[in-house]
Structure formats: C-alpha cells, structure tokens
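Nothing in this text is a laboratory measurement; each read-out follows from the coordinates by a stated rule. Values in this document were obtained by computation on a predicted structure and should not be read as measured data. Virtual Cβ from ideal backbone geometry, glycine too; neighbours counted across all protein chains shown.
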Amino acid sequence: MAAELRLADIHKSYGPVQAVDELDLTVGEGELLALLGPSGCGKTTTLRMVAGFEEPDRGTIRIGGDDVTYQPPHKRNLGMVFQNYSLFPHRTVAENIAFGLRMSGASRAEQQTQVARMLDMIRLPGREDMYPNQLSGGQQQRVALARSLVVNPRVLLLDEPLGALDRSLRESMQFEIREMQQRLGITTLLVTHDQEEALSMSDQVAVMNAGRILQIGAPSTIYDRPASRFVAEFLGTSNILTGKADADGRKLAAGAYSFALPEPQPAGAPVVLSIRPERMVLGDEAERCPSRLRGRITGAVFRGSYAAYQVRVEGMENEIFVYRQADGPLGAITYRVGEEHWLGWNADDGILVDPE
Ligand code: ATP
C-alpha cells in the first residue's frame, strides 16, 4: 500500500542553526527520491522529521494525504534502515525480522510464514537461526531491510543504508535495493551524500545545501542540466567558465577568450557556463569545435574505462578537465603531460548555470 509522501514549507532550527529552510518535496506513490547533499546540509534532520523523531517548527508532513506532522513515530507505519544495521545482536535473524509482526500481535505461524517469505526475498533462505554477527555487513543490511519491510510500511526511509559497506558490495546492493523497491512499489526516501548512489538508485534526486533544496529532478536532468554552479560541482566534475555576455549576447567574454553561448543572453549579463569533462574534446577533433582553446597537458591518468586529462590554459584561473574514452584499449592514455593540444566543445554542451 504505497502512499505519497509530501513535505510542505518545512522549517527547523536548532538555536541559531537553520537546519532545514522552506523545504517542499513530494515523493510520488512507489517512487524513490534521494536527498543528496554535503555533510550538515539538513538531510538527516529532514528524514528524522518524516520519521517522527523531530518536530518541524513550521510546515506539514503528509503520508497518503494524512497529516502526520505531530504523530508519534510508531503510528506512522514507516520502515527504516540506517547505516549501522541496528539489528538486535542477541536475537536470531528470524527474531529480528519478525520483531514488528510480534509487536503487532501476529500469530507464531504468521510470523514464520512471513519470515520465510522475507528471507527468500533478500536471498538468504535458511538463515533463520543465525545471529547478526555470523552474517557479513551486506547480509546484515539485507536483514535490516527485511525487518523494515515485513510490516508493509507505507513509506520506507533509508539513511545512508550502504555507508558502512565496501565499494563493490555497495554497488551490488544498490541494484538489489532498487530492484526490491520497484518490485514492491514502495514509496522511499533515501538520504545519502554519495552522488553515484543517488543517481543510480532514484526516480528523483533532490540536491540540498544549507538547509534548502536547490534542485529536484530525474537523475539525468540533474546531471546534464544542473541549474546552479553548486549542483554542477557537487555532482561529478564540471569545468566552470565565468565572464559576461558580449555586446550581441551570443558569446561569453572571459578574459582574453570568447566562447559561443548555448542561448543568447542580455548584453553584459554575468554568465557562468558549466561543461562536463566527458563533453570536452581534445586533440585534432577539437580544432573543428566552435569553442576551442590551446592548452598544455599537466596531468594524464588511467581511470579504467576512460582516461582523465588536466589541461592548463594560459590566462585561465583553473585547469580544465577532459575525460576521453580512448580509441585503443579502454582508458589508455593517448596524450602525454607537457604536450600542447587543442581542446574544445560544442555550444550545446555548455550549460548556463546560476552563479550560486
Ligand atoms: P550528515 O551527512 O553529516 O549527517 P546532514 O545533511 O544529515 O549531515 P543534519 O544532521 O540534518 O545534516 O544537520 C543539519 C544542521 O543542523 C547541522 O548544522 C547540524 O549541526 C545541526 N543539527 C542537527 N541536529 C542537531 C541537534 N540535535 N542539535 C543542534 N544542532 C543540530
């Protein structure tokens, strides 16, 4: 029984700290929304208000249309999974999973049936009698997930659920949780500071900074069309070029350089352009780009599936990053440190972003 989760005009401060400011967001029925942002931006505070561990100073929280803003946590019918498993260490896997059912007075037989069903779902059949410390971190996190899902919650809250796992396991768990969430169609709010996790698991990403949501959108929109400099730089690497629109508003004048703008701007307006490193072209190909620069390679590294270059351009404050899928073996380095080359991009690959 998926339900929409809607937060409207939420404010929360702790003394002088405005932890959450004018926050509005809606997670549609069966959707997964990731709240993404740097440490201290207010993600956990937001999640805790949805859970009922904190009360907002202002605003409303609705689940399936019901106002739950001041309802105690146990009345909200939520599932929760935290970073540090939070399983009961002295209870078996079965007892852990059945906990919520027991609290709600389910019969023993019903508990057994449901535990077996959940263990199948998390691909740990037959582990009923084991204790948490006999399971790996990933397995414990799957049990925590089963424990939260067994009671058919209306909304699932995930707080950095994969934060304690190592990288390869994190990736497979991202697939696994996402698959389960979609199959069950459960409305989910995920809190993470890991951009890759947010992009790969969610229907929508909300990027937060300093208590506010800066942008909400589909992962591909947030990545390809960041609205502000902060979002462009927080999600992956971006080359940021700043300057003013020229007299006819079609070019960005930046120091000694001028670059084509993706769309006309008022003459003299301050302009910030963001270009992703994978949209940059390097070498002979770049000579044909409408916006190009001559630069010297100052760094060249192999990154597995691609090669990353750092290029210094005279008169530019920051080095430019270029990622290239190499022609030869994947990620092989084609250009060497010290060489001079053209680099460029197509006007449409430059995204106009808000300077903030
Ligand atoms: P992290 O990823 O580090 O957990 P976060 O984005 O979840 O960060 P919050 O924990 O929501 O951030 O904190 C937001 C702000 O509110 C921070 O400045 C934090 O110091 C402050 N804060 C959070 N909880 C409290 C509290 N109980 N008392 C006082 N200040 C708090």
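A few remarks follow.
- Inter-label distance for residue 129 and residue 263, nm, one decimal - labels placed 7 Å from Cα along Cα-to-Cβ: 6.6 nm
- Dipole magnitude (debye, nearest 20) for segment 155-308, charges at Cβ of Lys, Arg, Asp, Glu: 640 debye
- For segment 110-213, the set of trypsin sites (Lys or Arg not before Pro) satisfying both a DSSP loop assignment and a count of at most 14 other C-beta atoms within 10 Å is given as 123.
- When the chain is described by a simple charge dipole with +1 on each Lys and Arg Cβ and -1 on each Asp and Glu Cβ, the residue from 144, 338, 162 located farthest towards its positive end is 144.
- Helix 137-149 vs. the chain, principal-axis angle (Cα, 0 to 90°, nearest 10): 60 degrees
- All distinct Cα pairs of segment 237-352 go into the 1/r average, and the inverse of that average, the Kirkwood radius, is 14.4 Å.
- Within the same chain, lysines fewer than 8 places from residue 43 are excluded, and of the rest, those with a Cα less than 19 Å from its Cα are 12.
- Between 0 and 90°, nearest 10: helix 93-103 axis offset from the chain longest Cα axis: 70 degrees
- Between the C-alpha center of segment 282-328 and that of segment 201-244 there is a gap of 23 Å.
- In terms of other Cβ atoms within 10 Å, 237, 192, 69, 242 run from fewest to most in the order 237, 242, 69, 192.
- Secondary-structure-derived ellipticity at 222 nm for the chain, considering helices only, amounts to -7000 deg cm²/dmol, per-run term -39500 (n - 2.57) for DSSP H runs with n ≥ 4.
- Taking all Cα pairs closer than 8 Å and separated by 6 or more residues, the relative contact order of the chain comes to 16 percent.
- Cα-based helix-to-principal-axis angle, 167-184 vs the chain, degrees rounded to 10: 60 degrees
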